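Here's the structure, in structure tokens; my notes come after.
The values are calculated or read from the model by the stated rules, or taken from the named source; none is laboratory data. All values derive from a computational prediction rather than experimental measurement. Glycine also receives a Cβ, built like all others from the backbone with ideal geometry; neighbour counts cover every protein chain displayed. The area values use the complete protein model at the heavy-atom level, side chains included, leaving out ligands, DNA and RNA. Shrake-Rupley method; radii C 1.70, N 1.55, O 1.52, S 1.80 Å.
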Amino acid sequence: MTESFRAILVSRDAEKKQTVETVSLTEADLMEGDVTVKVEATTVNYKDGLAITGKSPVVRHWPMVPGIDLAGTVVKSQSPQFREGDQVLLNGYGVGETHWGAYAGLARLKAEWLIPLPKGLTAKQAMGVGTAGYTAMLSVMALERHGMKPQHGPAVVTGANGGVGTVAISLLSQLGWHVIASTGRTSESDFLKSLGASEIIDRAELSQPGKPLARERWAAGIDSVGSHTLANLLAQTQYNGAIAACGLAQGFDLPATVMPFILRGVALLGVDSVMAAREGRIEAWDRIAAQLDMKKLDALTTTIGFDGIIAAANEIVAGKIRGRVIVDMKD
Ligand code: NDP
């Protein structure tokens, strides 16, 4: 295939100054891999925002085609696992960080990074969920593995208007949890309630240094914010409760004490989506296809075209995106 296709390329000069541009590539330019995929849909995650703006050192191979999530159709395969015409999904594995990723017409990838597109989801719906939503499901699964159930008490979700947050609220409420949503955008309360939040709190309540232990407010939580917010979440978790930590939108520090752990038996559960085992990925995606209310997914997604990716990347880093962004590569 010698046809050219559009791609976003981030580069660095000798002074480590980063630039981003739209370029034309051919299949011969792509990195090594055994499966070539026509990218039909992708998305803009917080990490993609960091890669494009250069705000944090996400990119570790230069130049880079960013984009950590994609859904599309196999056009060539040297792997017995996939055949031409198969619909596939990719999340993470360092794609868009160390291996050229989703913001291109074609992507050449390793078969072991791909999973079949889950039955019941279109490529665009899968990207509406994306790494953020799949991480929300991994967080729900981590809480469940710890034995947490809706009857134990409320679940708090931080970064409520973000990608992880909106999907976490939708999933937890669908599963019967009483959800407390923490947000800096309380003007979006009606939207968060439409996704299933029962209570809205201002994130300012949680973002400042707090006490080692405070009034018990929730049994469980999904935190995409880190820093003082996570420390306060732990300090306000009830006896034998658990918090799943997956993000750092406020900061990567954790200025906490051991008091919630040793006096209340609280558990802090780490969640990583990038290198998560294939079995867990497939389980998470099957559960998303079966349990996420597609009307709520529609309500929390905005669709843009390829030309809107760079602007959306800047907006997500500025905390201005509500919910999830789907990139339809046909547009
Ligand atoms: P988004 O930008 O969509 O959402 C983050 C949300 O956090 C914002 O919408 C905002 O919600 C809140 N927020 C932003 N800045 C601050 C701040 N300074 N203090 C407190 N809250 C803040 O990002 P995603 O949902 O895509 O990702 C969220 C986090 O999770 C990121 O750190 C990301 O890197 C991480 N992540 C980790 C994964 C893993 O594998 N562990 C996978 C996916 C994401 P509001 O306006 O409602 O307050």
The chain: C-alpha pair distances exceeding 26 Å, % | 46
Please state, rounded to one decimal and in Å, the Kirkwood hydrodynamic radius that region 138-190 gives when every pair of distinct Cα atoms enters the mean of 1/r.
-> 11.4
Mean accessible area per residue over region 1-88 (1.4 angstrom probe, all protein chains present, square angstrom) is 51
Over all distinct Cα pairs, what is the inverse of the mean 1/r for region 100-218, reported as the Kirkwood hydrodynamic radius in Å?
-> 16.2
Karplus ³J(HN,Hα) for region 280-291 (6.51 cos²θ - 1.76 cosθ + 1.60, θ = phi - 60°; Hz, whole; x = Gly/Pro) runs x, 4, 5, 4, 4, 5, 5, 5, 4, 4, 7, 10
Assuming a ≥ b ≥ c are the square roots of the Cα gyration tensor eigenvalues, decide whether region 169-275 counts as rounded (a/c under 1.5), prolate (otherwise, with a/b larger than b/c) or oblate.
-> rounded
Among the lysines, which have Cα under 17 Å from the Cα of K330 when same-chain residues fewer than 8 positions away are ignored?
-> K38, K124
So what are the radius of gyration and Dmax for the Cα set of region 21-175, in Å?
-> 16.9, 56
Percent of accessible area on region 41-122 owned by carbon and sulfur, 1.4 Å probe?
-> 52
Using only the alpha carbons of region 220-278, determine the length spanned along each of the three principal axes and report them from longest to shortest in whole angstroms.
-> 35, 25, 15
Considering region 87-135, what Rg and Dmax in Å follow from its alpha-carbon atoms?
-> 10.7, 31
Output the peptides 254-266, 69-81, 112-124 sorted from most to least packed, where packing is the average of other Cβ atoms within 10 Å over each peptide's residues.
-> 69-81, 112-124, 254-266
How large is the convex hull of the Cα atoms of region 212-311 per residue, expressed in Å³ as a whole number?
-> 163
